[in-house]
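> Take a look at this one; I'll ask things after.
The values are calculated or read from the model by the stated rules, or taken from the named source; none is laboratory data. Since the structure is predicted, the reported quantities are computational estimates derived from the model, not experimental observations. Neighbour counts run over all protein chains shown; Cβ positions are idealised from the backbone, glycine included.
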Amino acid sequence: VLTTPPTCASTASSSSPAGSTAPTACSGAAAPGYTIVYAPGVVTVTPAPLTITASSPSMTYGGVVPAVAPVYSGFVNGDTAAALTTEPTCLADATSATPAGTAATLCAGGAAANYSLAYAPGTLTISKAASTVALASSASSMGAGYGFTLTATVAPATSGTPSGTVSFFDGTTALGTATLTGGKASFTAKLAGLGTHDLTVQYGGDGNFSGGSSAAVAVNVVQSGYMLAATPDHIDVQRGSSGQIVITATPFGNFQGTVSFACSGLPSYASCAFTPPSLTLDGSDTQREMALTVTAAAAGGAPWLPAGGRDRWFWLLGALVVAGVAMSLRRRRVRLAWGLAGICLLLAGCGGMAAGNGSGNNTTGTTTQSATVKVTASANASAGSGGQTATVTLTITFD
């Protein structure tokens, strides 16, 4: 019907602020047979949609939570974030203790006069933290078969405490496992083969920490046992008295056990005693000492007679008694009786001297005698190579 369409316009523009209005007007239309009347209109400017999305950063477990930034979508007319009257606040829904995995990031609180704001979440990716694995041994040298302590320490590269289990190895041979407590785990190991063993510990990781292996720790396995020494190794003991020697037991290779002692080679009139009667070796390779007391019984016989061959002097006294009786019965033969007595005295004296010069296990004489005495130690080891014996030889002179 219209032969000429109307032309309509408004005073509003793309830069008109949101919420404002502007009149509209039409004119110039033509239609035969019609009278055209124009009525004004109104343009209302509404806010443009603006989407604010929280950024998606990443972090390591136990580390510092990263900042979250707003990402804008929907600015018009060349606008930037400067068009906002209030910047939005963005953050991650996580702390340094949030387990490895993902967490949401959010923005809120922005304002812009010409925009209608909408918010979209982002994602924070939390990766496992690295760990450092270390191994310590309670001993660098150990007796074969004796227990010693291995301690594993798993330290975080950030914060937090690693958990889970660790495995101990002798080369490629598994020794055992232990559970971490406070980032540490201990294990009692025993090694049989002599020589150097390279020990390691491996950590398999947990939900928040990655695994790792320690550097090798060398432990030298040696034969275990003990040695004896006597100080001094020679003493003089008077008959009727005693003497003392210090016996020292020196363990090696972490020998553990109770050592008992005995002595042999003493003459029949002598005895030995140990104080204390046994020694306990505790695996610390610390020397232990005990006292060996050797006691010699007093010599037998009549004490008023000469020391050598007292039994011969008894024969001499008997001969004198017989001579005296003979003199009383045979006074006519006084000279003969005294002569016989002198001969008996001479023979008895010679016999006594011969007896007095004897040696060996004579229990009635007081001549000097030397004895080679062996002290034997026997131990029931509590671990390792089992029971062991050791000896020490000393010389004792009895006067």
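> Considering each of Tyr72, Tyr119, Tyr61 in turn, give the residue that is under 30 Å from Leu199 (Cβ atoms) and not assigned by TED's automatic domain parsing to the domain that holds Ser159.
Values: Tyr72 fails: under 30 Å from Leu199 (Cβ atoms); Tyr119 fails: under 30 Å from Leu199 (Cβ atoms).
When all the criteria are applied, what remains is Tyr61.
> Moving on. Just the residues that are touching a Lys or Arg at 6+ places or on another chain (Cβ under 7 Å) and assigned to a loop (DSSP other than H, G, I, E, B), please, taken from region 206-225. Lay out the reasoning, then the answer.
Applying the first criterion (touching a Lys or Arg at 6+ places or on another chain (Cβ under 7 Å)) to region 206-225 yields 208-210.
The answer is Asn208, Ser210.
> Only one of (1) part of a loop (DSSP other than H, G, I, E, B); (2) exposed (fewer than 15 other Cβ atoms within 10 Å of the Cβ) fails for Glu289. Which number is that?
In the conditions (1) part of a loop (DSSP other than H, G, I, E, B); (2) exposed (fewer than 15 other Cβ atoms within 10 Å of the Cβ), Glu289 misses (1) alone.
> Now for a separate question. Please state which one of Gly211, Gly205, Gly193 is on the phi > 0 side of the Ramachandran plot and not β-branched (Val, Ile, Thr).
Details: Gly211 fails: on the phi > 0 side of the Ramachandran plot; Gly193 fails: on the phi > 0 side of the Ramachandran plot.
Answer to the selection: Gly205.
> Kindly indicate the residue of region 358-399 that is of a type in the set (A, V, I, L, M) and closer than 30 Å to Met142 by Cβ and also modelled with the lowest pLDDT among those meeting that condition. Working first, answer last.
Let us first name the residues in region 358-399 that are of a type in the set (A, V, I, L, M), namely 371, 373, 375, 377, 379, 381, 383, 390, 392, 394, 396.
Filter again for closer than 30 Å to Met142 by Cβ, leaving 375, 377, 379, 381, 383, 390, 392.
On the way: Val375: 91, Ala377: 89, Ala379: 81, Ala381: 60, Ala383: 55, Ala390: 79, Val392: 80.
This residue is Ala383.
> Another question about this same structure. Give the residues of region 12-40 that are in contact with a Pro (Cβ under 7 Å, 6 or more places away or on another chain) and surrounded by 12 or more Cβ atoms within 10 Å (Cβ to Cβ), sorted by residue number. Break it down into steps so the answer makes sense when it comes.
Residues of region 12-40 that are in contact with a Pro (Cβ under 7 Å, 6 or more places away or on another chain), as a first pass: 18, 23-29, 40.
The answer is Ala18, Pro23, Thr24, Ala25, Cys26, Ala29.
> Separate question: What's the number of the condition Asp198 fails, among (1) surrounded by 14 or more Cβ atoms within 10 Å (Cβ to Cβ); (2) outside any loop (DSSP other than H, G, I, E, B); (3) modelled with pLDDT of 95 or more?
The one condition Asp198 does not meet is (1).
> Filter region 124-168 down to residues that are over 20 Å from Ser96 (Cα atoms) and of a type in the set (A, V, I, L, M, F, W, C), then give me how many there are.
Qualifying residue count for the region: 12.
> From Ala25, Ala12, which residue is farther than 30 Å from Thr125 by Cα and assigned to a strand (DSSP E or B)? Spell out how you get there, then give the answer.
On the way: Ala12 fails: assigned to a strand (DSSP E or B).
Among Ala25, Ala12, only Ala25 is farther than 30 Å from Thr125 by Cα and assigned to a strand (DSSP E or B).
> Please go through region 230-243 and pick out each residue that is surrounded by 14 or more Cβ atoms within 10 Å (Cβ to Cβ) and either in a strand (DSSP E or B) or in the same structural domain as Leu175 (by TED's automatic domain parsing) (or both).
Ala230, Ile235, Val237, Ser242, Gly243
> Given the residues Thr125, Thr95, Thr86, Thr102, which is the only one that is under 30 Å from Ser16 (Cα atoms), of a type in the set (Ser, Thr, Tyr), in contact (Cβ under 8 Å) with a residue 12 or more places away in the chain and surrounded by fewer than 16 Cβ atoms within 10 Å (Cβ to Cβ)?
Details: Thr125 fails: under 30 Å from Ser16 (Cα atoms); Thr95 fails: under 30 Å from Ser16 (Cα atoms); Thr102 fails: under 30 Å from Ser16 (Cα atoms).
After ruling out the rest, the residue left standing is Thr86.
This table checks each residue for (1) modelled with pLDDT of 95 or more; (2) outside the structural domain of Phe148 (by TED's automatic domain parsing); (3) more than 26 Å from Gln223 (Cα to Cα).
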{"position": "Thr250", "(1), (2), (3)": "no, yes, no"}
{"position": "Phe255", "(1), (2), (3)": "no, yes, no"}
{"position": "Thr258", "(1), (2), (3)": "no, yes, no"}
{"position": "Ser268", "(1), (2), (3)": "no, yes, yes"}
{"position": "Thr275", "(1), (2), (3)": "yes, yes, yes"}
{"position": "Asp282", "(1), (2), (3)": "no, yes, no"}
{"position": "Thr286", "(1), (2), (3)": "no, yes, no"}
{"position": "Ala291", "(1), (2), (3)": "yes, yes, yes"}
{"position": "Thr295", "(1), (2), (3)": "yes, yes, yes"}
